[in-house]
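Here the structure is laid out as structure tokens; the discussion comes afterwards.
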Amino acid sequence: MTVDILGPAGRPDPDRAVETVFRIESPRIIAGVARIVRDVGIAEELAQDALVAALEQWPRDGVPDNPGAWLMTAARHRAIDLVRRRERYARKLAEMGRDLETSAPHGYGRGDGYGYVDEPADPDGIDDDLLRLVFTACHPVLSAEARVALTLRLLGGLTTAEIARACLVPEKTVAQRIVRAKRTLAAKGVPFEVPYGPERAARLGSVLEVIYLIFNEGYAATAGDDWLRPALCEDALRLVRVLAGLMPEEPEVHGLAALLELQASRSAARVGPAGEPVLLAEQNRARWNRVLIRRGFAALERAEAVSAAVSAESVPGPYVLQAAVAACHAHAATYEETDWGRIATLYGLLAVRAPSPVVELNRAVAVSMAEGPGAGLVLVDALVDEPALRDYHLLPSVRGDLLARLGRTGEAAAEFERAASLARNGSERGFLLARAERCAAGTV
């Protein structure tokens with residue numbers, strides 16, 4: 001993965017390098033250190049220590065050739081020193097021995113050049129620190145909400161504000177969940193490992209949810225100025241691919257893999273020349289990645305085959321259903337050729353399988369395309385008092401779009417203005433304000 005660390009003069013900028021590289025590499029650093037110290041809270045602290053060291057040394061000595069490996073090595077050395085200082089870790093240090101002293105930093109020098117590692121030949125022998133980190137943070141000793149918050153923090157590198165936005169809960173609540181989760185894992189002595197058998201299956205739902213949330217934060221960033229955060233998408237894709245090799249008989253794993261492959265295929269077309277969002281209807285489909293689409297179709301076929309093998313009459317799981325929606329878009333050569341009737345039906349099934357206000361909002365959009373904006377507006381208006389959507393900017397955004405299509409441009413402008421006031425992402429906010437201005441001017 002190429003990292004832009006150049007300053008205005010075309011030379012490596014130390015401060016920019018530290019910020020950029022740490023944001024991208026922090027999950028791998030935390031995971032690699034956690035494998036040594038067996039405590040995710042301490043691992044995060046040691047990763048921060050390595051960041052401080054970089055802030056001190058890089059401006060003085062220059063940016064290293066491999067800044068990510070530098071940070072990993074610095075953090076690992078601190079972890080080894082910590083283990084050595086603690087007598088109770090003496091036996092653990094002896095067991096690790098030469099591996100800790102001489103092995104290359106985990107996650108570097110492997111893979112296909114895009115941030116992915118090859119799936120292991122022996123799934124139960126998997127050696128992936130990021131996946132260990134996900135399963136550790138998704139341990140049953142934690143509540144479902146705490147598992148999501150902690151893994152988004154450690155693996156996704158998200159701030160508490162970004163996690164709160166993604167989970168639709170107050171920022172203070174997220175901060176408390178993260179602190180308590182770290183303490184609980186340490187107090188319970190949760191092992192840093194990928195579990196086996198029933199225990200692995202029990203944690204799968206949380207793991208899939210976390211991977212999906214991480215991908216979504218990269219695919220449509222909730223905060224900041226950039227609409228996309230590709231590094232998060234790459235990590236989520238890599239993790240779900242590895243997980244598909246680890247659990248080949250789980251249809252929802254393949255369903256999530258299909259969903260992410262198909263969603264990622266549209267990334268290049270989702271951003272305009274100035275970094276602004278590009279709506280699905282306006283995307284240049286020639287820019288969609290056909291390789292990722294083929295991968296997505298193949299994963300969806302595997303998911304449906306595995307699901308059918310279990311029961312021919314069972315309703316597919318939520319990720320398989322969402323992947324089927326994404327496949328409808330991928331199959332359509334143009335926006336006008338999209339099978340919106342099938343998409344509305346799929347969202348109806350999803351609303352039964354995994355009911356939520358967001359699913360209902362998506363169903364309303366599909367219904368509006370299949371039956372007209374008036375039908376969609378009826379469904380959206382039924383959601384305006386939903387507590388979980390009170391500060392969700394996409395609710396007024398969707399309502400504004402439906403009103404604009406009905407010719408009620410004045411009302412649409414007000415909805416887009418409200419959506420912009422709720423949006424945390426700078427690119428998205430600018431996009432919504434521009435739509436509000438066009439509606440106000442009657443140029444929709």
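Nothing in this text is a laboratory measurement; each read-out follows from the coordinates by a stated rule. These numbers come from a predicted model, not from an experiment. All Cβ positions, glycine included, derive from the backbone under ideal geometry; neighbour counts span all protein chains shown.
The packing ranking of peptides 29-39, 402-412, 234-244, 186-196, highest mean first, is 29-39, 234-244, 402-412, 186-196, where packing means the average number of other beta carbon atoms within 10 angstrom of each residue. Alpha carbon centre of segment 346-423 versus segment 227-264: separation in Å? Going from one Cα centre to the other spans 28 Å. Label separation (residue 77 vs residue 290): 4.9 nm, computed from points 7 Å beyond Cα along the C-beta direction. The string of couplings for segment 65-79 from the Karplus curve (6.51, -1.76, 1.60, θ = phi - 60°) is 4, 10, x, x, 5, 4, 5, 4, 5, 4, 5, 5, 4, 5, 5 Hz, one whole number per residue in order, with x for Gly and Pro. When both segment 32-70 and segment 277-302 are represented by their alpha-carbon centers, they are found 36 Å apart.
Note on residue 411/residue 315: beta-carbon distance plugged into 1/(1 + (r/R0)^6) with R0 of 30 Å gives a FRET efficiency of 0.20.
In this structure the amide hydrogen of residue 271, modeled in the peptide plane, comes within under 5 Å of the amide hydrogens of 278, none closer than 5 places in sequence on its chain.
Computed extension length for residue 342-residue 161: 61.5 nm, one decimal, from 0.36 nm per residue of separation with the Cα-Cα distance subtracted. For segment 22-30, backbone phi angles converted through the Karplus equation (6.51, -1.76, 1.60; θ = phi - 60°) give residue-by-residue couplings of 5, 4, 7, 9, 4, x, 5, 5, 4 Hz, Gly and Pro being listed as x. Remark: spin-label model distance residue 333-residue 424 equals 4.2 nm, labels positioned 7 Å along the Cα→Cβ axis. Here the Karplus curve 6.51 cos²θ - 1.76 cosθ + 1.60, taken at θ = phi - 60°, turns the phi angles of segment 128-133 into couplings of 9, 5, 5, 5, 4, 4 Hz, with x standing for Gly and Pro. Only one residue of 348, 284, 308 has its Cα farthest out toward the positive end of the dipole of segment 259-359, where Lys and Arg carry +1 and Asp and Glu -1 on Cβ, and that residue is 284. A simple count of charges around residue 45, restricted to other residues whose Cβ falls under 11 Å of its Cβ and scoring Lys, Arg +1 and Asp, Glu -1, yields -1.
Using the Cβ-Cβ distance between residue 308 and residue 358 with R0 set to 25 Å, the FRET efficiency works out to roughly 0.35.
Packing, as the average of other Cβ atoms within 10 Å across residues, places the peptides 293-299, 276-282, 260-266 in the order 260-266, 293-299, 276-282, highest first. Stretched out fully, how many nm does the piece from residue 371 to residue 55 gain, at 0.36 nm a residue minus the Cα gap? Contour length minus Cα-Cα distance gives 108.1 nm. Just check segment 248-338 against the gyration tensor rule for me: Cα atoms, a ≥ b ≥ c as the square roots of the eigenvalues, rounded for a/c under 1.5, and otherwise prolate or oblate depending on whether a/b exceeds b/c. Here segment 248-338 falls in the prolate category.
Based on every Cα atom in segment 360-444, Rg and the maximum pairwise Cα distance Dmax equal 12.1, 33 Å.
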